[in-house]
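Okay, structure first, notes after.
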Amino acid sequence: MNTNPIGIFDSGLGGLTVAKAIQKLLPHESVIYFGDTARLPYGNKSPKIIKKYSLQIADFLISKGAKIIVIACNTASALALNEVQKHVRVPVVGVIDPGVKAAIHATRNKHIGVIGTVATIRSKEYENRIKATDHTMTVISQPCPLFVPLVEEGWLDGSITKAIANIYLEPFKTENIDTLVLGCTHYPLLKPLLISQTNQKIVLVDSAEPVAEKIFGMLKTSKLQSNSHKNGTLSCYISDFFSQFKTIAERFLEGPIADVTTLDLL
Ligand code: DGL
């Protein structure tokens, strides 16, 4: 039994979708969240710099007593999971494996689409892990770099976002995919648009809930669950405070955000 917090980080605020899923499934756990808003986006940066930033943030979360670390960023999970796991003594969970499992479970025709940042798609982590589980799977991957700024701006719908989505989704139309992995923590906010722009029968895989279930199982097995009867808290740290912060954070969290500290890790 352990009342220490679950540490979660993302390049920005998209990982709050994962924090929300964890709080819903594990209401007695406290969460400490770090959003690297000063250095977002990670999606177009080099593997070297993504690893460096991820290790810095992991050190910070450990200094705050994190009992487990969740890399709630697909880009950092794809490029820095192994390094962070080697660097700290607590369990470290990325978002890719839970998403891969959910996609394999969802597909019927073994044609899976993956969308993500340029760095995530270039890493081929989704593709390799899906094929390592079942080599008969066909994986079609597409980077969608403009989705992150559109979501940050709150342009979740409308003709421009639709036109961009249409271009990005074009390769999937001829490939008969039945499952689409949302391989970026910003993309769940585009779900209604993606549903309207794709064949309605395509299952959209968002790793937030599978990640929360994985954390639940890990805390239970390692007897690290909180024994508190009170609801846990969410403490949010960001590396840069910007005027739109509250609006964007609350959009991801679908609720109010109160406890926010700006912390310069540079
Ligand atoms: N949060 C990142 C991810 O899930 C997307 C934003 C970025 O490019 O940093 O890949």
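The values are calculated or read from the model by the stated rules, or taken from the named source; none is laboratory data. Computed from a prediction, not measured in an experiment: that's the story for all the values here. All Cβ positions, even for glycine, are placed from backbone atoms using ideal geometry, and neighbour counts span all protein chains on display.
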Could you look through the stretch 72-83, keep only residues that are farther than 18 Å from F216 by Cβ, hydrophobic (A, V, I, L, M, F, W, C) and buried (at least 24 other Cβ atoms within 10 Å of the Cβ), and pick out the one that is farthest from the ligand (Cβ to nearest atom)?
A80
May I ask you to say which residue of F9, F60 is more than 15 Å from the ligand (Cβ to nearest atom), of a type in the set (F, W, Y) and touching a Phe, Trp or Tyr at 6+ places or on another chain (Cβ under 9 Å)?
F60
Inside the stretch 121-139, the number of residues satisfying the requirement of being away from the ligand (no atom under 15 Å from the Cβ), under 19 Å from the mean Cα position of the chain (by Cα) and more than 11 Å from T179 (Cβ to Cβ) is 3
May I ask you to verify whether I69 is assigned to a strand (DSSP E or B), in contact (Cβ under 8 Å) with a residue 60 or more places away in the chain and within 11 Å of the ligand (Cβ to nearest atom)?
no
Does L182 meet the test of being closer than 24 Å to Y33 by Cα, of a type outside the set (G, A, S) and not in a helix (DSSP H, G or I)?
yes
Find the residue count for the stretch 39-51, including only residues that are assigned to a loop (DSSP other than H, G, I, E, B), out of contact with any Cys (no Cβ under 9 Å at 6 or more places or on another chain) and within 12 Å of the ligand (Cβ to nearest atom).
5
In the set I57, I69, I62, the lone residue that is surrounded by 20 or more Cβ atoms within 10 Å (Cβ to Cβ) and more than 15 Å from the chain's Cα centre (by Cα) is I57
Is the stretch 189-200 home to any residue that is closer than 21 Å to T117 by Cβ and touching a residue at least 60 places away in the same chain (Cβ under 8 Å)?
yes
Qualifying residue in the stretch 164-183 (condition: in contact with a strand residue (DSSP E or B) (Cβ under 7 Å, 6 or more places away or on another chain), among the β-branched types (V, I, T) and under 21 Å from L25 (Cβ atoms)):
yes
Find the residue count for the stretch 1-54, including only residues that are of a type in the set (K, R) and crowded, with 24+ Cβ neighbours inside 10 Å.
0
In this structure, is T198 β-branched (V, I, T) and either within 18 Å of the chain's Cα centre (by Cα) or modelled with pLDDT under 95 (or both)?
yes
Within the stretch 154-188, of all residues that are among the polar types (S, T, N, Q) and without any contact (Cβ under 8 Å) to a residue 40 or more places away in the chain, the one nearest to the ligand (Cβ to nearest atom) is T161
Only residues that are of a type in the set (G, A, S) and more than 23 Å from E125 (Cα to Cα): list them for the stretch 162-200, please.
A163, S196
Identify all residues within the stretch 105-120 that are under 10 Å from L180 (Cβ atoms) and touching a Gly at 6+ places or on another chain (Cβ under 7 Å); write none if there are none.
V114, I115
Go through (1) under 19 Å from T3 (Cα atoms); (2) touching a residue at least 24 places away in the same chain (Cβ under 8 Å) and name the single condition S63 misses.
(2)
Among residues belonging to the stretch 12-30 that are within 16 Å of the ligand (Cβ to nearest atom) and touching a Phe, Trp or Tyr at 6+ places or on another chain (Cβ under 8 Å), point out the one that is farthest from V211 (Cα to Cα).
L13
